[in-house]
Amino acid sequence: MLKLNKLQVRLGTNEFNYTLQADANRVSAILGKSGSGKSTLLNVIAGFLNAESGELCWNDQSLLNLAANQRPITTLFQQHNLFSHLTVAQNVGLGIHPNLKLDENDHQNIRQVLSEVGMEGYDNKSAANLSGGEQQRTALARCLMRKQPILLLDEPFSALDESTRHEMIVLTKNVITKHRLCVILVTHNEDDADRLDAVKYQLSAGQLKLQTS
Amino acid sequence: MSLAATKASFNRWWLPGCIALVVLMLMTGLPLIALVLSANDVSPLSILENAYFRRVIAFSFYQALLSALLSVGLAIPLALALSREQFFVGRQLLINLFSLSLVIPTLVAIFGIVAVFGRKGWINNATESLGIEPFSIYGLGGILLAHVFFNMPLAARVLLQALDNIPNEQWRLSTQLRMRSWAQLRFIEWPAMRSQLLGVFMLIFTLCFTSFTIVMTLGGGPRATTIEVAIYQALRFDFDLNAAVSLALVQLIFCSALLLISAFFKHDAPLGFAYKATEHLIRPASGYRWLNALLIIIAALFVLLPLLGLVISAINPSSIDVLTHSNTVRAIINTIVIALTASFLSVAMGIGLLISSRHIRIRFGKHKLGQWIQHAGNIILVMPPVVLGTGLFLLLRNVADVFSIALLLTIIINSLMALPFVLRILDGPLMQAGTHHDRLIQSLGITGWARWRLLDWPLVRKPLGFALGVSATLAAGDLSAIALFGSERALTLPLLLFQRVGTYRLYEAATTAGILLIVCLCLFLLLQALTSGTFLRNANAKA
């Protein structure tokens with residue numbers, strides 16, 4: 001279980017105070033207007049931003065003293081998830097080893113995870129030539145490759161057109177169930193949250209409120 | 001949004017910048033200290049009592065002011081003409097030629113200028129037959145001519161870029177409002193150029209104020225000497241160390257002041273060669289078409305004739321002798337060694353500074369601090385080559401025979417001269433390779449060598465080749481450092497060329513200039529090819 005207890009962050013004059021409990025195998029959706037602090041929440045969980053006070057625990061172990069790449073977390077961003085000068089396989093391979101020193105076994109795993117997201121045969125294609133949906137699928141493949149229990153979704157469907165968006169949501173949902181991930185989804189689109197059967201929170205005035213509908 | 005860093009993992013982001021800063025400190029800080037310490041014995045202000053030095057200082061400002069005024073003043077009508085004639089034949093080529101001063105050594109260009117405008121040059125031969133007094137290339141006139149040759153095209157390109165950036169809507173509007181060319185100038189073109197004028201004026205003023213090679217070859221004597229050249233003369237000819245130190249300190253103060261003033265004016269001086277005409281520009285041709293054409297043709301001749309003059313005079317009966325002369329061969333080898341070492345040193349320092357400064361700017365969100373670290377690489381603008389050379393001379397004269405380590409000192413000075421260019425060429429691409437993906441890079445834990453190899457190198461490879469090429473040609477063609485420390489034992493092509501011009505062996509000089517030009521072009525192309533994708537792909541395919 002991911003637990004945020006009075007996790008306080010200050011950004012300029014804005015102050016945020018997050019309290020939240022997110023279970024594994026479940027999506028917790030954070031809804032709110034732009035500027036309400038949704039991205040800040042993900043940044044502080046992922047370790048891109050330091051908290052001033054409060055608790056951040058995964059299975060009762062504090063994450064606050066860990067660097068971003070040491071936390072049991074992986075993020076799917078809205079865009080810029082891929083390095084366009086690398087191939088699809090290399091982009092996924094970065095999730096195994098940041099040096100890209102991969103052996104045949106690793107390549108096998110990459111092919112397998114690519115087929116899981118419907119990208120089989122794309123290994124050696126350049127990331128620059130992918131469509132928006134293919135880019136997000138590849139990025140999701142890397143998230144799976146990293147085998148981290150917590151998945152942060154930072155508006156990952158917003159840049160996609162309607163039909164691609166629907167396919168991507170179905171795929172994400174399957175993947176979450178299969179790997180029993182603890183997911184925090186940030187979105188301004190309540191529909192996304194509903195389709196993922198999420199527990200919904202409203203973020204306003206720097207506070208999270210459980211939404212009961 | 002600025003993202004603060006969390007606890008440092010094993011990320012040594014500070015290391016490249018620290019190494020670069022330490023090397024910079026050793027190469028500039030120690031000479032600076034040596035300079036300032038020896039100022040205790042001399043009073044720098046005392047040179048103001050000396051009439052000769054007063055005249056030198058006054059002339060430095062006077063010629064820089066005239067050069068900058070002329071360059072910018074002539075660039076305005078030329079940029080207007082080029083902007084108004086989007087479809088002029090050879091326009092693109094001509095504008096690209098304007099950037100050649102980046103790679104053509106000053107000394108070589110001067111030789112071409114003399115071939116055209118000199119006492120026995122084409123212009124004077126033509127006017128003499130008409131009974132007009134010949135124009136003297138030596139003295140203020142020649143200095144101004146050469147400064148305009150180098151800087152007017154630069155100014156024209158900056159202004160043309162500003163004109164190209166005028167949005168299409170404004171041209172549509174001007175057509176609907178039936179603006180004539182005067183109204184266009186007043187309401188559209190002038191406002192676009194005005195924002196660049198002061199910045200580019202200050203840039204050219206500073207370049208001309210510290211100009212060495214041009215003043216040394218075309219000026220000289222008490223009536224046409226700048227501070228930079230006077231330091232050289234005090235050091236190499238009069239052996240007057242006090243005068244050299246005093247002048248160097250005065251120059252240091254002036255350059256700092258100029259840099260400070262320049263910081264307030266912006267300009268967008270281009271760095272690449274390739275000029276790309278704005279696509280879908282609907283700018284109508286306007287003004288007096290024949291006047292536009294005339295201006296463009298005169299500018300083309302002004303840039304092209306000296307190059308042509310050089311090529312024609314370079315091939316002459318003494319060419320073979322010069323080529324096989326042992327001095328020439330030694331000078332070629334020394335020049336190539338200096339150019340390659342200085343350019344690699346310069347690019348290495350530049351990358352070191354930029355990698356650490358990028359981390360500070362993106363990861364810590366401290367933009368100003370990162371930029372200051374980067375500005376350390378521009379130290380040569382405050383401490384011009386001859387001033388730095390004086391400092392190095394003071395520092396090392398008791399430790400070593402400075403003339404026996406001439407090549408090393410030249411490499412140091414040349415690498416620092418190229419560093420501002422390197423930083424400006426590589427800053428954009430390196431920042432771009434990091435900005436959008438910073439959180440991703442952080443969460444994947446890609447750091448150090450892996451980050452450079454996988455994420456930076458593929459994206460900066462091309463600009464890096466360009467930076468290497470520019471700094472190598474700059475080092476290969478530089479006269480200032482080698483003039484201070486060079487000798488028969490340490491010859492380079494620019495020094496040899498200078499000696500041969502000085503002793504009026506003009507045929508030999510012309511061939512030497514040709515060789516220097518070829519060496520520069522070869523170095524430039526070689527370094528581009530080394531870093532180009534095709535070369536690496538072929539190498540990988542073979543391996």
About its Cα centre, region B:50-314 carries a charge dipole, from +1 on Lys and Arg Cβ atoms and -1 on Asp and Glu Cβ atoms, whose size in debye to the nearest 20 is 560 debye
Given labels modelled 7 Å from the Cα in the Cβ direction, how far is it in nm from B:SER532 to B:VAL311? 2.1 nm
A correct Kirkwood calculation over the Cα atoms of region A:1-101 returns a hydrodynamic radius in Å of 15.3 Å
By accessible area of protein heavy atoms, probe 1.4 Å, what ranking do B:PHE187, A:PHE157 get, highest first? B:PHE187, A:PHE157
Value of Rg to Rh for the protein assembly as shown (Rh from inverse mean 1/r over Cα pairs, i.e. Kirkwood): 1.05
Can you send over the solvent-accessible area of B:LEU69, 1.4 Å probe, protein chains only, in Å² to the nearest 10? 100 Å²
Evaluate E = 1/(1 + (r/R0)^6) for B:PHE264 and B:MET25, where r is the Cβ-Cβ distance and R0 equals 22 Å; express this FRET efficiency to the nearest 0.05. 0.20
Please express the shape of chain B as an equivalent ellipsoid: the semi-axes are the square roots of 5 times the eigenvalues of the C-alpha gyration tensor, given largest first in whole angstrom. 35, 34, 25
When only C-alpha pairs under 8 Å and at least 6 residues apart count, what is the relative contact order of region B:50-314, in percent? 37 percent
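Full-extension gain between B:PHE364 and B:SER43, please, as 0.36 nm times their residue separation minus the C-alpha to C-alpha distance.
Length gained, B:PHE364 through B:SER43: 111.1 nm.
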Restricting to DSSP H runs of at least four residues, report the calculated mean residue ellipticity at 222 nm for the protein assembly as shown, -39500 (n - 2.57) per run over all residues, nearest 500 deg cm²/dmol. -19000 deg cm²/dmol
Can you find, among B:VAL215, B:THR341, B:LEU48, the residue farthest towards the positive end of the dipole of chain B? Put +1 on the C-beta of Lys and Arg, -1 on that of Asp and Glu. B:THR341
Amide H neighbours of B:GLY365 under 5 Å, at least 5 residues apart or on other chains, H built in the peptide plane: list them. B:LEU3
Length gained when the stretch B:ARG186-B:ALA58 is fully extended (0.36 nm per residue, less Cα-Cα span): 42.5 nm
Calculate, in whole percent, how much of the Cα-Cα pair population of region A:108-193 lies beyond 16 Å. 51 percent
Could you compute how much accessible surface B:MET25 exposes when probed at 1.4 Å, giving the result in Å² to the nearest 10? 120 Å²
Just to be sure I understand: of the beta bridges DSSP finds with both ends in the protein assembly as shown, what percent are antiparallel, rounded to 5? 50 percent
Before anything else, pin down the relative contact order of chain B: Cα pairs under 8 Å, at least 6 apart, normalised by residue count, whole percent. 25 percent
So for chain A: antiparallel DSSP bridges make up what percent, rounded to the nearest 5? 50 percent
Looking at chain A as a GNM with Cα springs under 10 Å, which of A:THR13, A:THR40, A:THR87 has the largest mean-square fluctuation? A:THR13
In Å², nearest 10: area of B:ARG12 left accessible to a 1.4 Å probe: 150 Å²
Output the DSSP H helices from chain B with an along-axis C-alpha extent of no less than 20 Å and a mean Kyte-Doolittle hydropathy no less than 1.0. B:51-84, B:140-164, B:190-209, B:241-262, B:289-314, B:326-358, B:406-435, B:506-531
Keeping all protein chains in place and using 1.4 angstrom, which order do B:ARG178, B:ARG236, B:ARG453 fall into by accessible surface area, from largest down? B:ARG178, B:ARG453, B:ARG236
Just to be sure I understand the rule: take each whole DSSP H helix in chain A, project its Cα atoms onto its long axis, keep it if the span is 24 Å or more and its mean Kyte-Doolittle hydropathy is at least 1.6. Which ones pass? none
Let me see the pair-distance distribution of region B:50-314: every alpha carbon pair, 10 Å bin width, integer percents in order. 7, 26, 31, 22, 11, 3, 0
Evaluate E = 1/(1 + (r/R0)^6) for A:LYS101 and A:HIS166, where r is the Cβ-Cβ distance and R0 equals 56 Å; express this FRET efficiency to the nearest 0.05. 0.90
May I ask you to order B:369-381, A:60-72 by the average number of other C-beta atoms within 10 Å around their residues, highest value first? B:369-381, A:60-72
Report, as an integer, the average count of C-beta atoms from other chains found within 10 Å of each Cβ along A:187-200. 0
Cut-off 18 Å, label point 7 angstrom out along Cα-to-Cβ of B:LEU15: give me the residues of region B:349-364 whose amide nitrogen falls inside. B:349-360
Using Cα centres only, tell me the gap between region B:128-144 and region B:284-340 in whole Å. 21 Å
Most to least accessible of A:GLU190, A:GLU134, A:GLU162, B:GLU85 (protein chains only, probe 1.4 Å): A:GLU162, A:GLU190, A:GLU134, B:GLU85
Please find the FRET efficiency linking A:GLU52 to B:ASN168, where r is the Cβ-Cβ separation and R0 is fixed at 56 Å, and quote it to the nearest 0.05. 0.65
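The values are calculated or read from the model by the stated rules, or taken from the named source; none is laboratory data. Bear in mind the structure is a predicted one, so any value in this text is a computation, not a measurement. With ideal geometry, Cβ positions are generated from the backbone for all residues, glycine too; neighbour counts draw on all protein chains shown. Accessible surface areas use protein heavy atoms only, side chains included; no ligands, DNA or RNA. Shrake-Rupley method; radii C 1.70, N 1.55, O 1.52, S 1.80 Å.
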